[in-house]
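The values are calculated or read from the model by the stated rules, or taken from the named source; none is laboratory data. All values reported here derive from a predicted model rather than from experimental measurement. A quick note on method: Cβ atoms are made from the backbone with ideal geometry, for glycine too, and the neighbour counts reach across all protein chains shown. Just the protein is used for accessible areas: all its heavy atoms, side chains included, with ligands, DNA and RNA removed. Shrake-Rupley method; radii C 1.70, N 1.55, O 1.52, S 1.80 Å.
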Amino acid sequence: MLTVLCVVVAALDVLLLLRLQDRRDSEDARTDAVTAAKTSVIEILSYDYRSLDKDIAAAKGRSTGAFLAEYSSTASRLLAQAKQLKAVVQASVASTSVVSSSSGRVVVLAFVDQATVKAGDKQTRIDQNRVRMTMQKVKGRWLVAQLDAL
């Protein structure tokens with residue numbers, strides 16, 4: 001009877017430890033993904049007409065999957081307009097929150113301010129945006145798998 005009780009207690013201890021480890025892994029994923037999301041959204045939503053090729057390459061380096069394909073197919077066209085307008089856009093993250101998370105996928109809500117300056121304009125325009133980013137862990141890195149403006 002004592003042996004059975006010891007086996008049950010040991011099994012419960014193992015189960016508890018596994019659950020604690022899952023919780024720690026999930027918390028680590030949340031922290032790492034939010035950090036990556038902040039950096040990524042700045043890279044993706046900022047550009048300077050004088051360095052568009054570098055800016056596009058940096059944004060692609062933080063993207064994966066369908067979002068990478070979508071960004072690749074539209075970035076050159078959209079950012080070509082930036083050259084004509086001599087536009088400089090600088091994004092900054094005001095705040096973030098985790099919507100959902102697992103060990104390999106985290107959805108982050110980010111409040112992003114974009115300051116835009118165009119040649120000929122005397123004032124900087126500030127746009128306040130909300131974006132939902134799905135961060136996916138790929139080969140040890142958190143990359144943007146989806147980005148939606150809200």
query: Long-range amide H contacts for residue 46: which residues qualify at under 5 Å (H placed 1.01 Å from N, peptide plane, sequence gap of 5 or more or a different chain)?
result: 91
query: Considering the chain as a Gaussian network with a 10 Å cut-off on Cα pairs, which listed residue, 58, 87, 119, attains the greatest mean-square fluctuation?
result: 119
query: In square angstrom, rounded to the nearest 10, how much accessible surface does residue 150 have for a 1.4 Å probe?
result: 110 Å²
query: Sequence-distant or interchain residues sharing an amide H contact under 5 Å with residue 130, placed H: which?
result: 112, 150
- request: Quick one: of 38/122; 38/118; 38/60; 60/137; 38/137, which pairs are farther than 21 Å apart, Cα to Cα?
  value: 38/122; 38/118
task: Evaluate the relative contact order of the chain (contact order divided by residue number), counting alpha-carbon pairs under 8 angstrom at least 6 apart; express in whole percent.
output: 23 percent
field: Ranking by accessible area, most exposed first, for 126, 56 with a 1.4 Å probe
entry: 126, 56
task: Hand me the trypsin sites (Lys or Arg not before Pro) from the stretch 26-87 located in a DSSP loop with no more than 16 other Cβ atoms within 10 Å, in residue order please.
output: 86
